[in-house]
Amino acid sequence: MATIEHGVASGVSFALTDEQRSLRELAREFAEKEIRPKSAEYDEHQTHPADVIAKAHELGLMNLHIPESLGGAGLSAFDGLLISEELNWGCSGIGTSIGTNGLGMAPVLIAGTDEQKRQWLPPLLEKPILCSFALTEPDAGSDVARVKTTAERRGDEYVLNGSKMFITNAGYAAWSVVFAKTDVSAGHKGLTAFVVPMDAPGLTREKHLDKMGQRATDTSAFALTDVVVPVESRLGEEGDGFKIAMQTLDFTRPGTAIGAVGVARAAYEHAVEYAKERQSFGVPIAMHQGISFLIADMACEIEAARLLTWQACWMIDQGYGRKSTLYSSFAKRFAADTAMKVTTDAVQGLGGYGYIK
C-alpha cells in the first residue's frame with residue numbers, strides 16, 4: 001500500500017477518503033476469500049470464473065463507472081483503481097475477467113447517446129453479463145489503420161465482415177463493441193464503432209486461445225460473416241471509431257497498469273514471507289544482503305509504479321483529457337516492466353522452489 005494514506009495536506013495529497021479505504025478493504029477481502037482459494041485451479045484448467053464473477057457483481061465490484069443516473073455507482077477512475085489492484089493481487093486472470101466490462105462499456109459511456117446508454121448499460125447491473133472490446137485483429141493491433149473488418153451501409157443497416165483476435169471475455173460476452181472500416185480508403189479515419197450482440201446471426205466465436213498466463217481469463221477470436229446491425233448500433237458518426245478507441249484506451253490504460261502493480265505486490269509478499277522463513281547458515285535468508293537488497297528494490301519499484309498510476313488516474317478524474325495520455329502511458333509501461341522484474345526476482349529469491357510449478 002502507499003505509505004501515506006491518512007491526514008490532510010494542502011496542495012498535493014496522498015490521503016484516501018474513508019469511502020475509498022472501505023472500497024479497497026472490500027475488494028481485498030473478496031480477493032482473499034473468493035479469488036485466491038480458486039486461482040491456481042482455475043488458472044491450470046483455464047476455467048472461466050463465472051461463479052466468482054457472479055459474486056463480484058453481487059458486491060458491486062464490477063461495472064464501476066456506470067453513472068448513478070443509470071443505476072450505477074458512478075465511481076471515479078481513481079476509485080476503480082483501488083479495487084482493481086486488489087482483484088489482480090488475488091489473481092490477474094480472474095481480476096481481468098471481472099474488470100474487462102470496464103473496457104467493453106467505455107466506448108458506450110464515451111460516445112453513446114442517452115438512448116444507447118439506457119439500452120446497453122443497465123442490463124450489466126441487473127445480472128452478471130459480460131461485454132467486450134473488439135479492436136484487435138490478426139494483422140492489426142496497435143496499428144489500427146490496418147483493421148480489415150468492414151461495415152457496409154445498406155439503408156438503415158450495416159453489414160459487417162471480418163475477424164477479431166485476442167478479445168478478452170469474447171467467448172462469454174453478451175455484446176461487444178466492434179471497430180470496422182466504413183471507408184477502407186481512409187486509413188484510421190475510416191474506422192467506425194458498433195455495438196454488436198454476440199449471438200447475432202453470422203457471428204462465430206472461433207476459438208479460445210491457450211495462453212501462457214492469465215489462463216482464468218477467456219481470450220478468444222471471433223469472425224463476422226454478413227452480420228447485420230441497425231444504424232442505431234453505431235456509436236458516434238462514421239469515422240469516429242479511431243477517436244472513440246483512443247479515448248477508451250486513455251481511460252482504461254491505468255487499469256492495466258494497476259493490475260500489474262497487484263501482480264507485483266503478490267509476488268513481493270510471497271518472496272518476503274519465504275525469505276523470513278527460509279534458513280541459510282543459521283539465519284533467515286532475509287538477513288543476507290543479496291536477498292534483502294533484492295526485496296528492497298522490489299518494494300521501491302512497486303511503490304513507484306502505484307504512485308505513477310495514481311497520478312495518471314487523478315489527471316483523468318480532474319479532466320485533463322488527452323493531456324493525461326502521456327502519464328497513463330508512463331504508468332502502463334513502468335508498471336508492466338515492474339511486474340516482470342519483481343516476479344522474476346521473486347523466482348530468484350525462492351531459489352529451487354521458484355522453479356517448481
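Values computed for the structure shown
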| quantity | calculated |
| --- | --- |
| Conditions (1) over 26 Å from ILE94 (Cα atoms); (2) touching a strand residue (DSSP E or B) at 6+ places or on another chain (Cβ under 7 Å): number failed by SER185 | (2) |
| Selection within region 53-68 - surrounded by fewer than 23 Cβ atoms within 10 Å (Cβ to Cβ), touching a helix residue (DSSP H, G or I) at 6+ places or on another chain (Cβ under 9 Å) and part of a helix (DSSP H, G or I) | ILE53, LYS55, HIS57, LEU59 |
| Condition check for LYS211: closer than 26 Å to VAL52 by Cβ and among the charged types (D, E, K, R) | yes |
| Criterion: over 19 Å from the mean Cα position of the chain (by Cα) and open to solvent by less than 80 Å² (accessible area, probe 1.4 Å) - qualifying residue of SER39, SER22 | SER22 |
| Count - residues of region 210-242 that are outside any strand (DSSP E or B) and surrounded by fewer than 16 Cβ atoms within 10 Å (Cβ to Cβ) | 7 |
| From the options ALA151, ALA173, ALA180, ALA193, residue that is more than 23 Å from the chain's Cα centre (by Cα) and open to solvent by less than 10 Å² (accessible area, probe 1.4 Å) | ALA151 |
| So THR343, is it modelled with pLDDT of 95 or more, in a helix (DSSP H, G or I), within 15 Å of THR256 (Cβ to Cβ) and not hydrophobic (A, V, I, L, M, F, W, C) | no |
| Test result for ALA271, touching a helix residue (DSSP H, G or I) at 6+ places or on another chain (Cβ under 9 Å) and of a type outside the set (Asp, Glu) | yes |
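Listed here are the residues, each with its yes/no results for (1) open to solvent by less than 40 Å² (accessible area, probe 1.4 Å); (2) within 22 Å of GLU86 (Cβ to Cβ); (3) modelled with pLDDT under 95.
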{"site": "GLY262", "(1), (2), (3)": "yes, yes, no"}
{"site": "ARG278", "(1), (2), (3)": "no, no, yes"}
{"site": "SER324", "(1), (2), (3)": "yes, no, yes"}
{"site": "ALA331", "(1), (2), (3)": "yes, yes, no"}
{"site": "GLN348", "(1), (2), (3)": "no, no, yes"}
{"site": "LYS357", "(1), (2), (3)": "no, no, yes"}
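The values are calculated or read from the model by the stated rules, or taken from the named source; none is laboratory data. Model, not experiment: these values are computed from the prediction. Cβ: placed from backbone, ideal geometry, glycine included. Neighbour counts: every protein chain shown. Note: accessible area is taken over every heavy atom of the protein model, side chains too, but ligands, DNA and RNA are not part of it. Shrake-Rupley method; radii C 1.70, N 1.55, O 1.52, S 1.80 Å.
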